[in-house]
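Each remark here refers to the structure printed beneath this line.
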Amino acid sequence: MSKIARAYREAPKNVPDGVTPGHSVADVGADEVVVFLIGMRIHRWHKVRSWFPAFVGMPRMLAELAKNPDLGLLSARSYWSGRVLLTVQYWRSVEELGRFAKDPSLTHAPAWAAFNRRAASTGDVGIWHETYRVPADQVETLYGNMPAFGLGAALGVVERAAGRRNRTHERMGSTRPEYVETSTGR
């Protein structure tokens, strides 16, 4: 039987269905993970013709990727905050992400070309993405009483190893946190 952290001992009998009780971590494996953040910012709400195609394009792309797991997307979740829409994606490899983005027979390349023709020059909407290729030994996750979420939803979760409690910098192989020394001029 596994050892559950004291704060979580009653969780197994109290969490809702679909929630993993106690501490768990993403099952990253030995390779790497690709984190892809993509989004848009609506600068002018009233210019719906400029931003609406991008707004509906992302769900179409995600549906296509969900139907074709061999394309390489592991998991995705979208968020909306004010004028910004963000989709966090986890991919098996940068190469698979690139193939999807450039393949004219899939949804992204035609949508990107249409955006460049119709909306890029208007300034009504901004688009962006960030790609991170992260070696497995540089990934740190922790979920407490959570359903599948984030990298854990993409790769699955395993129970957090029992033993001495430690901080993030220790779990990632650093001996101590980085501190910035400041000078007060005294």
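Label-to-label distance for ARG99 and ARG83 is 3.8 nm, based on points extended 7 Å past Cα in the beta-carbon direction. The apolar share of the surface of the stretch 28-170, taken as the fraction of accessible area on carbon and sulfur atoms (1.4 Å probe, ligands and nucleic acids excluded), comes to 56 percent. Peptides 143-154, 21-32 ranked from most to least packed by the mean count of surrounding Cβ atoms within 10 Å: 143-154, 21-32.
R0 = 25 Å: FRET efficiency of ALA7 with ASP137, Cβ-based, nearest 0.05? Please list the in-between numbers first.
Details: r = 28 Å, r/R0 = 1.11.
After rounding to 0.05, the efficiency reads 0.35.
The H on the amide N of GLU32, modeled in the peptide plane, is under 5 Å from the matching H of ALA136, each at least 5 residues off or on a different chain.
The values are calculated or read from the model by the stated rules, or taken from the named source; none is laboratory data. Remember, predicted model here, so these are calculated numbers, not experimental data. Neighbour counts run over all protein chains shown; Cβ positions are idealised from the backbone, glycine included. Just the protein is used for accessible areas: all its heavy atoms, side chains included, with ligands, DNA and RNA removed. Shrake-Rupley method; radii C 1.70, N 1.55, O 1.52, S 1.80 Å.
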